[in-house]
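Read the figures in this text as sums done on the coordinates, not as results from a lab. Because the structure is a prediction, the values reported are computed rather than measured. Ideal geometry is used to build each Cβ from the backbone, glycine not excepted, and the neighbour counts take in all protein chains shown.
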Amino acid sequence: MSTTGYNESLLDPHAREARRETDKPAARRRARRRPEPFTIVSYIVVTLFGLFCLIPLWMIVAGSFTDETVLARQGYSLFPSPFSLTAYELLFGGQSLLNGYVASLFITLVGTILSVSGTATLAWVIARRLPWISRPLTVFAYVPMLFHGGLVPLYLLVTQVLSLSNSWFAVILPILLAPFLVFITVSFFRQLPEEILDAARIDGAGELRIFFQIVLPLSKPILAVLGLFYAVTYWNEWFMALLFVSDPDKYPLQLILQNLIANVTNATSLPGATAAEAAAPVYQLRFAMTVLTVGPILFAYPFAQRFFVKGITLGATKG
Amino acid sequence: MQGKAIVPAALKRGPSSRDGLVLLLLAVPGIAWFAVFAYGPMAGLVVAFKDFNIRDGIFGSPWNGFANFRYFLTSGDALTIVVNTLFLNALFLSASLLAGLILALMLNEIRGSLYRRFMQSTIFFPYFVSPIVISIMLQVILSGVGGSGGALNNLLSVIDLPQPSWYTEPGAWPWILTIVKVWQLGGYTSVIFLAAITSISEEVYEAAAIDGASRARMALSITTPLLLPTLGVLLVLGVGRIFFGDFATIYAIVQDNGILFPTTDVIDTYVFRSLRTIGDFGTTAAIGLFQSVVGFFFVTAAVLVQRRFHKESSIL
């Protein structure tokens, strides 16, 4: 036994615990009184980076509310003056915006449902460690992460073999399953408590019943992660649409935007061109369209963000 | 012996062959998708060895050996786009990892407050902005309405600096694209690093505090070294994908602006443009196959390195 109280408290885990309890607030109080240089620098740098992330987006929002002639004369400003709703009136008056939303919503909703179902079912069969099935399936789903056929064969497959040109399924199907997300789901399924599944088996539940009534309800967190990742991918997808959709009535929002960039001066390609013809405020319309395209993501973001954090954290440790 | 007898028969026999069949049925949609959309295009790569025409189709067109590859490799574009792909990806990777690391270290200084959560959400958001929207943003900053000078040039004019016409300056674009990548991925990468930071024991910092270390010293001598394994994993994954350009972002920004091709054209954008403008399926498939094969070696090497040094983080 040590003679001094000081040493004793160092050796005794309870005493150490207690000491930490009392020390911590003190340390924090000290830090609050005089923050260290690095902490101050951190606040400044993080704030600046936050502004760097937000300002470009805000400029688009401001631009969408600023009259085109003012934009051309005075350049961009952070606050729209005079305030103008011309672009939004044109967009909401025309048919293109509605068509674009219908297309994007269809692709996102149908795509996400198909993707999540496909990923979860395949992942469960792999996670189940069935002899003769799970191991080969793992390799089967892993190889495409290492090697893929590339753009040309895919293009020929979709247009020549499957004849999906101008169908929204041409946008959905090529990106339906992400092998990476399949494997993240597999590792989640393997962490489910085996006892619950065993209990169900003793009660005589079949494989399908176990999957639908026990595994899926227990897997809501990973299903949310999957759904959100796939949904954002589909909402932002424009390359597949660029390749396979040529009928302007079927353009998703991103492709309408892409066309607004590609044909800067071509007023006839603008949504709302019927209303405004050549005098259409090209830039203001573009910004308004951008705001309406990013809008839904921005709206869902506060609710969805924690699932994304969970997803990429899983991805970083498992992939 | 006795312990074994307690295990119910339903568990002891494991999945029966009937169960296996039912489960296989569950996997059929996934298997079908992989067969058609992942393995189908691999079979379609025979186009690279053919003088392709639509009438005869993929398998009916006449063979032409390595003519497609020869055409591409002697075209003079090959070296440019391969160098661009490697150079740009190396820039993007190092810049976004560095930015993510620094941001994570600094976010970690902002403790337990609402402000930290707000900032984290803010810098993570650009990850969800589509390439097309990024492209429009960049035009606001660099070119303005009708090329009247964007926000950046307005700023430069205030402090009397030259105002380049950015969309005709190929030399500036590797750096502009790198800044775009930092904007897009800085917050995302920092989230991964922050997750790793939370697993570092608080006691290490307490010990350092007792020894009189400053916050800056702790970040440099404790947090950073403990983040190296995470950095390594991300680096290896990035190097594995170094032969595949970020098509979406680059094409959305550069579009068909030929002036910028010398510094921004990567394999993926080149393939897409050849397909669209020349319509030469054989040659473009050959370039794609070349990319897939070289890419395969990079990815496989990356996977092997990762498994060697960081077994628990590998997928298989």
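Per-residue mean of other chain beta-carbon atoms within 10 angstrom of the beta-carbon, peptide A:120-126?
Numbers: counts 2, 8, 8, 2, 4, 10, 2.
Averaged over the peptide's residues, the number is 5.
Just the projected area, averaged over all directions, of the convex hull on the alpha carbon atoms of the range A:73-162: how many nm²? Walk me through the numbers on the way to the answer.
Numbers: hull surface 48.3 nm².
The orientation-averaged projected area of the Cα hull of the range A:73-162 comes to 12.1 nm².
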Chain B, Gaussian network, Cα under 10 Å: of B:L156, B:L73, B:L185, the residue fluctuating most is B:L156
Protection proxy ranking, peptides A:214-221, A:246-253, B:204-211, average beta carbon neighbours within 10 Å, highest first: A:246-253, A:214-221, B:204-211
Just grab the label-to-label distance for A:S163 and B:R217, each label 7 Å out from Cα along the Cβ direction, in nm (one decimal). 7.6 nm
Residue-averaged beta-carbon neighbours from other chains (10 angstrom radius) around B:139-145: 6
Quick calc: nm separation of the 7 Å Cα→Cβ label points for B:T168 and B:D77 -> 2.4 nm
So between A:F92 and A:V139, what do we pick up on full extension, going 0.36 nm a residue minus the alpha carbon distance? 12.0 nm
What is the extension gain from B:N257 to B:S157, computed as 0.36 nm multiplied by their sequence separation minus the C-alpha to C-alpha distance, in nm to one decimal? 33.4 nm
Mind listing the long-range amide H neighbours of A:T66? Cut-off is under 5 Å, sequence gap 5 or more, other chains count too, H placed in the peptide plane at 1.01 Å from N. A:S84
Return the whole-Å distance between the Cα centroid of the range B:217-232 and the Cα centroid of the range A:68-142. 36 Å
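Starting with the highest mean, order B:246-252, A:195-201 by the number of other Cβ atoms within 10 Å, averaged over the residues of each peptide.
Working: B:246-252: 21.6, A:195-201: 14.3.
Top of the packing list down: B:246-252, A:195-201.
Counting alpha carbon pairs within less than 8 Å and at least 6 residues apart, what relative contact order, in whole percent, applies to the range B:133-286? Provide the component values of the computation, followed by the final result.
Details: 87 pairs, mean separation 40.1, N = 154.
Taking the mean separation of contacting Cα pairs over the length of the range B:133-286, I get 26 percent.
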What residues qualify as long-range amide H neighbours of B:K50, i.e. H under 5 Å apart, gap of 5 or more or another chain, H built at 1.01 Å from N? B:N64
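State the number of lysine pairs found in the protein assembly as shown whose Cα atoms come within less than 22 Å, restricting to pairs 8 or more positions apart or on distinct chains.
Values: A:K220/A:K310; A:K220/A:K318; A:K310/A:K318; A:K310/B:K311; A:K318/B:K311; B:K4/B:K12.
Lysine pair count for the protein assembly as shown: 6.
What does the extension gain come out to for B:L86 and B:V293, with contour length at 0.36 nm per residue minus their alpha carbon separation? Can you show the working numbers first?
On the way: separation 207, 0.36 × 207 = 74.52 nm, distance 1.51 nm.
The B:L86-B:V293 span can extend by a further 73.0 nm.
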Normalising by the residue count of chain B, find the relative contact order in percent from Cα pairs under 8 Å and 6+ residues apart. 26 percent
Find the centroid of the Cα atoms in the range B:76-92 and in the range A:203-258, then give the distance between the two in whole Å. 33 Å
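With the Cα gyration tensor of the range B:68-313 giving a ≥ b ≥ c as the square roots of its eigenvalues, does the rule (a/c under 1.5 for rounded; else a/b larger than b/c for prolate; else oblate) give rounded, prolate or oblate?
Oblate, since a/c reaches 1.5 and b/c is not below a/b.
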FRET efficiency (B:I54, A:A205; Cβ distance; R0 60 Å; to 0.05) is 0.70
Membrane-span-like helices in chain B: DSSP H runs reaching 27 Å or more (Cα, own axis), mean Kyte hydropathy at least 0.5? B:77-107, B:173-198, B:281-309
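For B:R117 and B:R18, FRET efficiency with R0 = 35 Å and r from the beta-carbon atoms, rounded to 0.05?
Numbers: r = 51 Å, r/R0 = 1.45.
Working from the Cβ atoms, E equals 0.10.
Let me know the volume per residue of the alpha-carbon convex hull for the protein assembly as shown, in Å³.
Spelled out: Cα convex hull of the protein assembly as shown, divided by residues, is 207 Å³.
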Distance-filtered residues of the range B:212-240 - backbone nitrogen under 16 Å, label point 7 angstrom along B:R307 Cα→Cβ: B:237, B:240
Quote the relative contact order of the range A:49-186 in percent (integer), defining contacts as alpha-carbon pairs under 8 Å separated by 6+ residues. 23 percent
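Give me D for the range B:17-65 in µm² s⁻¹, whole number, from Stokes-Einstein with Rh from the Kirkwood sum over alpha-carbon pairs, 37 °C and 0.692 mPa s.
Rounded to a whole number, D works out at 252 µm²/s.
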Evaluate peptide A:70-76: per residue, the Cβ atoms of other protein chains within 10 Å of its Cβ; return the mean as an integer. 5
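Go ahead and run the numbers for FRET between B:L228 and B:E206, Cβ-Cβ distance against an R0 of 25 Å, rounding to 0.05. Working shown, then result.
Details: r = 22 Å, r/R0 = 0.87.
Once the sixth-power term is evaluated, E becomes 0.70.
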